[in-house]
1. Looking at the square roots a ≥ b ≥ c of the eigenvalues of the Cα gyration tensor of the range B:28-112, which shape do they give, rounded for a/c under 1.5, prolate if a/b is larger than b/c, or oblate?
2. Under the Karplus relation 6.51 cos²θ - 1.76 cosθ + 1.60, θ = phi - 60°, what is the ordered set of whole-Hz ³J(HN,Hα) values for the range A:191-207, x standing for Gly and Pro?
3. Which percentage, to the nearest 5, of the DSSP beta bridges contained in the protein assembly as shown is antiparallel?
4. Please identify the trypsin sites (Lys or Arg not before Pro) of the range B:1-99 that satisfy two criteria: DSSP loop assignment and at most 13 other Cβ atoms within 10 Å. Which are they?
5. Can you list residues from other chains, or at least 5 along the same chain, whose modelled amide H is less than 5 Å from the amide H of A:Ser198?
6. Here is the link list: A:Lys109/B:Lys280; A:Lys179/A:Lys276; B:Lys106/B:Lys237. Which ones come out longer than 30 Å on Cα distance?
7. Taking only DSSP H segments of four or more residues, each worth -39500 (n - 2.57), what value at 222 nm results for chain A once the sum is divided by all its residues, to the nearest 500 deg cm²/dmol?
8. Quick one: of the DSSP bridges fully inside chain B, what percent are antiparallel, nearest 5?
2 protein chains.
Amino acid sequence: MQLLEGKVAAKHIKQNLKEDIDLLKKKGLVPNLRVVIVGNSPASLAYVNMVRKSFNKEGVNADVLKLDESISEDQFISELEKLNNDNKVSGILIQLPLPKQINTSKIIKLINPNKDVDGFHPLNAGKLLIGEDTFIPCTPYGMIKMLEEYDIDIEGKNAVVLGRSNIVGKPISLLLMEKNATVTICHSRTKNIKEIASKADILVAAIGKHNFVDESMVKEGAIVLDVGIHVVDGKLKGDVDFENVKNKVSYITPVPGGVGTTTIAMLMYNTVKACKLINKTN
Amino acid sequence: MQLLEGKVAAKHIKQNLKEDIDLLKKKGLVPNLRVVIVGNSPASLAYVNMVRKSFNKEGVNADVLKLDESISEDQFISELEKLNNDNKVSGILIQLPLPKQINTSKIIKLINPNKDVDGFHPLNAGKLLIGEDTFIPCTPYGMIKMLEEYDIDIEGKNAVVLGRSNIVGKPISLLLMEKNATVTICHSRTKNIKEIASKADILVAAIGKHNFVDESMVKEGAIVLDVGIHVVDGKLKGDVDFENVKNKVSYITPVPGGVGTTTIAMLMYNTVKACKLINKTN
């Protein structure tokens with residue numbers, strides 16, 4: 001079994017970005033992410049601090065726009081408009097969930113699609129679906145980069161994705177298919193999920209249940225990507241029972257230190273892409 | 001074996017539309033489709049005539065805008081803009097392929113998304129991907145209506161889609177998943193396509209090869225939807241070898257008279273939807 005380490009892929013992604021960041025710098029441009037947080041979630045603030053540290057090391061900015069929990073939808077939209085129109089802001093990331101007075105689906109459609117580093121705007125989601133250049137959601141995009149980093153061939157493989165969320169399940173299915181995998185998407189209503197999973201060459205666990213995937217669900221020699229993040233007894237754990245499956249698989253992402261780490265690198269990638277896009281440089 | 005007849009589903013779809021069409025009529029509105037044809041393809045013109053006849057019976061208009069084969073991209077865009085801004089035009093359908101001087105991907109993004117009855121604009125494709133109300137491409141949408149017409153339960157079924165096109169394979173996969181099927185998408189690079197197909201409860205053949213699906217590829221009692229249209233010895237044939245599989249399946253769409261017939265009904269549905277949308281009535 002070999003670990004698929006997020007930091008190894010992330011290092012490579014950042015190295016490849018260096019040239020772009022330097023070129024932008026010569027033009028007086030610094031990629032700049034603005035993370036919008038409503039309320040005082042310590043987890044969100046801690047996450048942004050981690051993102052900022054990681055970005056700053058590479059010469060990319062990341063700032064927080066902290067809004068009050070009681071902000072009205074109109075006020076929120078007015079703040080978003082400012083970010084949309086501010087040439088100094090390259091990428092906008094809105095931390096979800098939003099409080100209930102704000103319609104999330106409406107807000108996502110109001111993000112400038114050229115600053116949509118999450119790839120959640122339907123225009124960007126549609127480009128992903130039809131195979132055009134777009135902002136690819138960071139978590140699934142990072143997973144593809146991880147497979148590439150470790151020279152894992154995707155073409156012709158049977159891939160099984162557990163979970164059909166807009167953020168992970170659907171986009172990773174499309175990306176794996178784009179790379180010529182044969183993809184099966186399983187979810188809560190799938191009847192024979194264990195049997196299907198156990199035939200996967202590449203298994204993506206994004207179902208949001210701690211220890212959902214055990215030895216009986218993985219094929220001998222499978223490649224396992226674990227998207228789950230759960231706090232169990234004060235420790236971060238995934239959707240996969242790591243100890244139980246580790247001797248059966250050929251490759252597996254640890255939690256923490258796997259998919260989550262590449263996600264942050266892809267957020268930087270998308271922020272640099274947005275900076276180039278809104279300043280029309282290549 | 002029971003035939004899934006397009007005309008049966010289409011009749012029902014049209015009946016359900018009658019109330020909407022009558023309501024629009026009372027407001028002085030007539031849903032109006034404009035089909036844009038570049039060049040003189042007899043097949044395209046014959047298709048539009050068939051659409052027009054079918055629409056007119058229900059009080060819906062369908063007209064052709066015929067453009068010269070040598071039209072420049074700029075001229076084409078200018079004609080498209082006129083349709084986008086003409087309040088009398090509810091829906092716009094551009095017959096593909098376009099001649100090579102015209103960039104199809106660019107043109108599709110210039111269609112008013114509220115008139116995009118094909119559902120090809122990335123904004124509409126994106127809404128389909130993330131599960132929001134949108135224009136669903138007519139062929140896959142018709143297939144879902146066909147299954148509903150014959151009271152075929154989709155939930156929990158293993159569905160296999162042969163083909164990953166933007167027009168059929170990807171959207172039908174999303175729609176089947178939305179109805180809680182477990183979906184596998186196969187394509188030209190799939191290694192064990194026969195084996196996968198032969199385990200499908202619902203098999204969608206949209207791979208564009210005449211007689212591709214034979215008895216060995218269908219499960220006993222499967223439901224088979226055949227999207228293929230091929231002219232063989234002057235006759236219309238599908239992707240499925242109908243005679244070879246008919247005694248093994250529980251339901252199957254014939255070609256002609258199956259999926260194609262519901263496609264036209266869904267085009268009418270989308271045209272009426274567009275008319276309501278651009279006139280902001282419900």
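1. Verdict is oblate for the range B:28-112.
2. So the J values, rounded to whole Hz, are 7, 10, 5, 5, 5, 5, 4, 6, 9, 7, 6, 10, 10, 9, 9, 9, 10.
3. Roughly 15 percent of the beta bridges in the protein assembly as shown run antiparallel, per DSSP.
4. Listed in order of number, the matching sites are B:Lys27, B:Lys88.
5. When sequence neighbours closer than 5 places are left aside, there are no close amide H contacts.
6. Distance filter (> 30 Å) returns B:Lys106/B:Lys237.
7. After summing the helix terms and dividing by the residues of chain A, the value is -12500 deg cm²/dmol.
8. If we restrict to bridges inside chain B, about 10 percent are antiparallel.
We did not get these values from a lab; they are worked out from the coordinates using the rules stated. What you see is a predicted model, and the numbers here were worked out from it, not measured in a lab. Every residue, glycine as well, gets a Cβ built from its backbone with ideal geometry; the counts of neighbours run over all protein chains shown.
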